[in-house]
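Shown next, in structure tokens, is the structure this report addresses.
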Amino acid sequence: MSQPISDLAQLLRSLTPTLNPGVFVFSSLPHGQALDLTHVVAYIREGEGASVVLPEAEAVHLGLPVMLRAAWITLTVHSDLQAVGLTAAFATALGNAGVSCNVVAGSYHDHIFVPHEQAATAMAVLQALQQG
């Protein structure tokens, strides 16, 4: 595994955004509702219940509410969890293009969820950011 990168300029040059296939949704589980984590991409507990990101087909199968239909973009650069400025840089670039984003930081990569219908725009913006 590569070493994590913390230098912002190097992070931006190395973004290499990858669009994961499929449609993913943000949903919420009421307190106490169990969920098999096999298909869950992200999970976080909030005061109102558990928020989950999972494939749309799985959410529909489980009868879960769809709060956002999203495309999932992974920045394949191995970003340091303490790096400063990366999220601000790509969120600003996407915001300037009118694309909202929801970010989940993994141990090795950042994952960006954008409205599904804006996936192509988001990929173009991120690729332009990488090229400087």
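Scan the range 28-42 and tell me whether some residue there is buried (at least 17 other Cβ atoms within 10 Å of the Cβ), within 19 Å of Ala128 (Cα to Cα) and touching a strand residue (DSSP E or B) at 6+ places or on another chain (Cβ under 7 Å).
No, the range 28-42 contains no residue that is buried (at least 17 other Cβ atoms within 10 Å of the Cβ), within 19 Å of Ala128 (Cα to Cα) and touching a strand residue (DSSP E or B) at 6+ places or on another chain (Cβ under 7 Å).
Can you pull out the residues in the range 81-96 that are outside any helix (DSSP H, G or I), loosely packed, with under 15 Cβ neighbours inside 10 Å and not polar (S, T, N, Q)?
If the condition is that a residue be outside any helix (DSSP H, G or I), loosely packed, with under 15 Cβ neighbours inside 10 Å and not polar (S, T, N, Q), then Leu81, Val84, Gly85 are the ones that fit.
Looking at Val114, Val99, can you tell me which residue is outside any loop (DSSP other than H, G, I, E, B), in contact (Cβ under 8 Å) with a residue 12 or more places away in the chain and closer than 22 Å to Val23 by Cβ?
Val114
Checking Met123 against (1) of a type in the set (A, V, I, L, M); (2) assigned to a loop (DSSP other than H, G, I, E, B); (3) out of contact with any helix residue (DSSP H, G or I) (no Cβ under 6 Å at 6 or more places or on another chain), only one condition comes out false. Which one?
Every listed condition holds for Met123 apart from (2).
For the subset of the range 43-64 comprising residues that are in a helix (DSSP H, G or I) and not aliphatic (A, V, I, L, M), which member is surrounded by the most Cβ atoms within 10 Å (Cβ to Cβ)?
Among residues in the range 43-64 that are in a helix (DSSP H, G or I) and not aliphatic (A, V, I, L, M), the one surrounded by the most Cβ atoms within 10 Å (Cβ to Cβ) is Glu58.
Quick note: the coordinates plus some simple rules give every number you see, no bench work behind them. Quick caveat, the model's predicted, so the values are computed rather than measured. We place every Cβ from the backbone using ideal geometry, glycine too, and count neighbours over all the protein chains shown.
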